[in-house]
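All remarks here apply to the structure that follows.
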Amino acid sequence: MDYEDVKALWTEWFMLWGRELGDPFRWFTNDSEDLIRFAYACQGQKPIFMSESIYSGLNQVSALDRILFDFDSKQDLDAAWAEVRDFAARLDRFWRIKPLICFSGSKGYHAHIFFKEPYTGSYLKEIYSQLCRMLRGNAGYKTLDPQPLGDYKRLARVPLTTHQGSGKLCQPVDQDGGPLILEPGFVKYYRSHGIGRGLIETAIRKHQGRGLFEASAEAPSRRYPTLHHGKP
């Protein structure tokens with residue numbers, strides 16, 4: 001891919017709304033050109049991270065857009081690949097969800113799960129955590145990094161950027177682990193195979209049953225969340 005193609009894909013990865021970028025120092029922007037300038041300036045020198053969630057300002061999440069699952073193994077990259085591949089198959093089998101899988105450029109793989117539309121309801125942190133529990137299920141993945149689970153403010157390495165340590169590309173991969181060429185419109189494809197209204201409603205009901213909304217320090221005054229999808 002030439003640089004103009006990569007720029008177009010980074011623009012699509014950013015989408016139209018605010019994000020936090022990081023190296024890992026974090027800052028807010030609502031301009032996709034900032035991601036392009038950042039990635040171009042820091043390729044191979046610093047990590048190039050972007051938030052999975054949509055932000056309205058620094059440290060202010062306004063909508064859930066993607067969920068990150070991170071499979072890592074310093075000793076055995078093949079083990080991480082076997083588990084992320086199994087995870088993707090489970091998502092498809094049980095939820096009809098297809099994640100975008102990327103080789104991190106170093107020791108593992110990232111599974112990005114898109115929402116069909118950004119979720120802008122209440123209790124974003126709690127809904128994100130509940131969805132993580134539901135999607136993971138009872139699978140005991142040894143290479144699944146527990147730190148990103150439930151972290152709705154998580155940053156993730158931007159695809160097609162160069163890892164600052166290994167010098168390798170953060171490369172989208174297909175179901176066989178080979179390079180996946182992202183075509184224009186790829187986000188629309190993964191949204192169409194993403195987390196929909198029904199799954200979010202199930203997450204809300206499950207979390208209400210756990211009695212955790214009322215206990216949340218971030219909870220607004222109303223008792224239960226409003227289900228709303230759409231543009232933040």
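The values are calculated or read from the model by the stated rules, or taken from the named source; none is laboratory data. All of these numbers come straight from a predicted model, not from anything done at the bench. Glycine also receives a Cβ, built like all others from the backbone with ideal geometry; neighbour counts cover every protein chain displayed.
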Output the qualifying pairs, or none if there are none: Cβ atoms under 8 angstrom, residues six or more apart or on different chains, first residue in the range 51-62 and within 9 Å of ASN30 (Cα to Cα), second residue surrounded by 13 or more Cβ atoms within 10 Å (Cβ to Cβ) and not hydrophobic (A, V, I, L, M, F, W, C). TYR55/GLY18; TYR55/ARG19; TYR55/GLU20; TYR55/SER62; SER56/GLY18; SER56/SER62; SER56/PRO232; GLY57/GLY18
What do you reckon, is ILE67 in contact with an Asp or Glu (Cβ under 8 Å, 6 or more places away or on another chain), under 14 Å from ILE200 (Cβ atoms) and either among the hydrophobic types (A, V, I, L, M, F, W, C) or not in a strand (DSSP E or B) (or both)? yes
So the check is Cβ under 7 Å with 6+ separation or different chains; which pairs have a first residue in the range 1-14 that's under 16 Å from PHE49 (Cα atoms) and among the hydrophobic types (A, V, I, L, M, F, W, C) and a second one that's at pLDDT 95 or above and part of a helix (DSSP H, G or I)? TRP10/LEU35; TRP10/ILE36; TRP10/ALA39; PHE14/SER32; PHE14/LEU35
Is there a residue being within 17 Å of TRP13 (Cα to Cα), assigned to a strand (DSSP E or B) and in contact (Cβ under 8 Å) with a residue 24 or more places away in the chain anywhere in the range 88-100? yes
Kindly indicate whether TYR152 is of a type in the set (Phe, Trp, Tyr) and touching a Ser or Thr at 6+ places or on another chain (Cβ under 8 Å). yes
Answer yes if at least one residue in the range 24-35 is crowded, with 18+ Cβ neighbours inside 10 Å and in contact (Cβ under 8 Å) with a residue 40 or more places away in the chain, and no otherwise. yes
I'd like to check something: does the range 51-59 contain any residue that is crowded, with 18+ Cβ neighbours inside 10 Å, closer than 22 Å to HIS207 by Cα and of a type in the set (Asp, Glu)? yes
Those residues of the range 128-183 which are part of a strand (DSSP E or B) and either surrounded by 15 or more Cβ atoms within 10 Å (Cβ to Cβ) or among the basic types (Lys, Arg) (or both), in sequence order: LEU144, LEU155, ALA156, ARG157, THR162, LEU169, GLN171, PRO172, VAL173
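Conditions tested, residue by residue: (1) within 17 Å of ILE48 (Cβ to Cβ); (2) in contact (Cβ under 8 Å) with a residue 40 or more places away in the chain.
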{"residue": "CYS102", "(1), (2)": "yes, yes"}
{"residue": "LYS116", "(1), (2)": "no, yes"}
{"residue": "ILE127", "(1), (2)": "no, yes"}
{"residue": "GLN147", "(1), (2)": "no, yes"}
{"residue": "GLY178", "(1), (2)": "no, no"}
{"residue": "ILE181", "(1), (2)": "no, yes"}
{"residue": "HIS193", "(1), (2)": "no, yes"}
Scan the range 30-49 and give yes if some residue there is β-branched (Val, Ile, Thr), within 16 Å of the chain's Cα centre (by Cα) and modelled with pLDDT of 95 or more, otherwise no. yes
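To keep it simple, each residue is scored yes or no on (1) more than 30 Å from TRP27 (Cα to Cα); (2) assigned to a loop (DSSP other than H, G, I, E, B); (3) among the aromatic types (Phe, Trp, Tyr); (4) modelled with pLDDT of 95 or more.
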residue	(1), (2), (3), (4)
GLN75	yes, yes, no, no
GLU83	yes, no, no, yes
ASP86	yes, no, no, yes
GLY105	no, yes, no, yes
LYS125	no, no, no, yes
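For every residue, the table says whether it meets (1) more than 15 Å from the chain's Cα centre (by Cα); (2) over 22 Å from VAL187 (Cα atoms).
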| residue | (1), (2) |
| --- | --- |
| ARG90 | yes, no |
| ILE101 | no, no |
| GLY105 | yes, no |
| TYR119 | no, no |
| SER122 | yes, yes |
| LEU144 | no, yes |
| PRO148 | no, no |
